[in-house]
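Below is one structure, written out as structure tokens, with a few remarks after it.
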Amino acid sequence: MKQVYIIHGYDDTPEKHWYRWLEQALKAENISVHCLAIPNPADPNVAVWVGTLEKELEMTPETVIVAHSLGTITTLCYLLKTDKEPKGIVLVSGFCEEVPNFERLNPFVEHLRSYHHVPKIGKGIVIASEKDSIVPTELSERLATWLHGEFVRLPVAGHFLDREGYTQFPEVRDKVLEIFREENSSKLAN
């Protein structure tokens, strides 16, 4: 069964931004969707955040993970700890190195660096804004390069937050559907 997990970011909840819209849009495509609520989002702890994914996420070959901001590096840390590989990941405003002016997130970066290898991710897609005020675009681009994934640069301002007008995110929906379609079309070709 096709399933998607949505992992929110720093000081976030599943009720904010575009997460619930994405959940409904994917459910309309007969995909099971789980919006995880990470404890203490305003005071993130890498062990708690990764531990929540270990406890809540049930990985199958038909799993796609969508993560935003701090949820992206949390997802990567989780994937480095498991031997399971998702069908794909869509990382929005992602990073794998220090974010300027957000030193409290450095433990996540240090945790990720402690593994010294790239996680198994299936198809990887990183989406960034040209004018992200929180995660500089070049950090997301370097993340895509590190993952050997696709990089999508959108000509929009902001960090994809509801207060910036992001209550829907069709580009993310389309990329998730593309991941599910890709394997089906390759199976038909064989």
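The values are calculated or read from the model by the stated rules, or taken from the named source; none is laboratory data. These numbers were taken from a predicted model, which means no experiment stands behind them. When we count neighbours, we look across all protein chains shown, and the Cβ atoms used for this are built from the backbone with ideal geometry, even at glycine. Accessible surface areas use protein heavy atoms only, side chains included; no ligands, DNA or RNA. Shrake-Rupley method; radii C 1.70, N 1.55, O 1.52, S 1.80 Å.
Picking from Gly122, Gly71, which residue would you name as being among the small types (Gly, Ala, Ser), open to solvent by less than 10 Å² (accessible area, probe 1.4 Å) and under 15 Å from the mean Cα position of the chain (by Cα)?
Numbers: Gly122 fails: open to solvent by less than 10 Å² (accessible area, probe 1.4 Å).
When all the criteria are applied, what remains is Gly71.
Residues in the stretch 39-61 that are within 16 Å of Leu79 (Cβ to Cβ), aliphatic (A, V, I, L, M) and outside any helix (DSSP H, G or I): Leu57, Met59. Note on the stretch 155-177: residues that are open to solvent by 20 Å² or more (accessible area, probe 1.4 Å) and either acidic (Asp, Glu) or under 17 Å from Val66 (Cα atoms) (or both) amount to 11.
If only residues of the stretch 15-50 that are of a type outside the set (A, V, I, L, M, F, W, C) and closer than 11 Å to His68 by Cα are counted, the one that is nearest to the chain's Cα centre (by Cα) is Tyr19.
On inspection, Pro107 passes the criterion of being modelled with pLDDT of 95 or more and either in a helix (DSSP H, G or I) or open to solvent by less than 40 Å² (accessible area, probe 1.4 Å) (or both).
Residue check: is Leu36 closer than 16 Å to Thr72 by Cα and open to solvent by less than 10 Å² (accessible area, probe 1.4 Å)? It would help to see each step written out before you state the result.
Details: closer than 16 Å to Thr72 by Cα: yes; open to solvent by less than 10 Å² (accessible area, probe 1.4 Å): no.
It is false that Leu36 is closer than 16 Å to Thr72 by Cα and open to solvent by less than 10 Å² (accessible area, probe 1.4 Å).
Of the residues making up the stretch 125-148, those that are on the phi < 0 side of the Ramachandran plot and open to solvent by 40 Å² or more (accessible area, probe 1.4 Å) are Glu130, Lys131, Ser133, Ile134, Glu138, Glu141, Arg142, Thr145, Trp146. Across the stretch 129-157, the qualifying residues are those that are among the hydrophobic types (A, V, I, L, M, F, W, C) and assigned to a strand (DSSP E or B), and the one among them that is nearest to His117 (Cα to Cα) is Phe151. Could you tell me which numbered condition Val99 fails, if it satisfies all but one of (1) farther than 25 Å from Ile31 by Cβ; (2) assigned to a strand (DSSP E or B); (3) among the β-branched types (Val, Ile, Thr)? It fails just one condition, (2).
Of all residues in the stretch 13-33, those satisfying the criterion of being touching a residue at least 12 places away in the same chain (Cβ under 8 Å) and either over 16 Å from Leu177 (Cα atoms) or in a helix (DSSP H, G or I) (or both) are Thr13, Pro14, Lys16, His17, Trp18, Tyr19, Arg20, Trp21, Leu22, Glu23, Ala25, Leu26. Considering only residues in the stretch 81-95 that are basic (Lys, Arg) and part of a loop (DSSP other than H, G, I, E, B), the one that is nearest to Lys55 (Cα to Cα) turns out to be Lys84.
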